[in-house]
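Written out below as structure tokens is the structure these notes cover.
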């Protein structure tokens, strides 16, 4: 693989794609395909990702996951789910990253598909991680099923992160459960988590009919705006 392609990273995905496109087929190895697929992922070029993936000999699960991610970011959820179903054709065993990515894409197909994939991980004996739970809760939010979102929050076998709390608060807002949303928001510091701008916006939406509480939180948010903007910049 040419050294310049290996050197391309971060926001230089276009250059990596260009170098790969002019490479002779005999020069393309699994590593160069992996970099090309990662570039497709960064650029949301899901069509090219599938084309590259299907041309690889001896494809591995890393390339598989990069292709899944490119489909998800490109909003090609049908293609992402079909790729997951076809893993056996490539003699691949999807891992937790594969399912986490597919579950993220499945929210567009509706929460029943998300629950199907979540349950399928048991059948495949794949241990779930925080990404899987967060994606599942987000899918429940998209489907406006706040009780399911709350169920998965409490079912997590490990400590929830800020994304879990934010998604759950949003679910409770959709369920008009402002007291519970406020409770979850207020409990974040006890879990050693700093509320983000997303956290404040979610709980403020839940308190839309509770003006005194909403105004107090909005004032607190304004006072912390500098810190929140700094944290958001660090997370970007």
Could I have the simple spin-label model distance between residue 60 and residue 219, label points 7 Å from Cα toward Cβ, reported in nm to one decimal?
-> 5.8
Mean Cβ neighbour count within 10 Å, used as a protection proxy, ranking 85-92, 39-46, 109-116 highest first = 39-46, 109-116, 85-92
Pseudo-spin-label distance residue 123 to residue 47, built 7 Å along Cα→Cβ, given in nm, is 3.3
When you count, for each residue, the other Cβ atoms within 10 Å and take the mean per peptide, how do 154-161, 194-201 rank with the highest first?
-> 194-201, 154-161
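Over all alpha-carbon pairs in region 89-236, figure out the percentage whose distance exceeds 22 Å.
Of all Cα-Cα pairs in region 89-236, 43 percent lie more than 22 Å apart.
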Stretch residue 116-residue 85 to full length: gain in nm at 0.36 nm per residue minus the Cα-Cα span?
-> 9.9 nm
Exposure proxy order (Cβ contacts within 10 Å, fewest to most) of 37, 217, 117 | 217, 117, 37
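Mind ordering 73-80, 123-130 by average Cβ neighbours within 10 Å, highest first?
On the way: 73-80: 19.1, 123-130: 12.8.
Output ranking for 73-80, 123-130: 73-80, 123-130.
A short reminder: the numbers here are calculations on the coordinates, not readings from a lab. On a predicted model such as this, the values are computed, not experimentally measured, just so you know. Don't worry about glycine lacking a Cβ; one is built from the backbone with ideal geometry, like all the others, and counts go over all protein chains shown.
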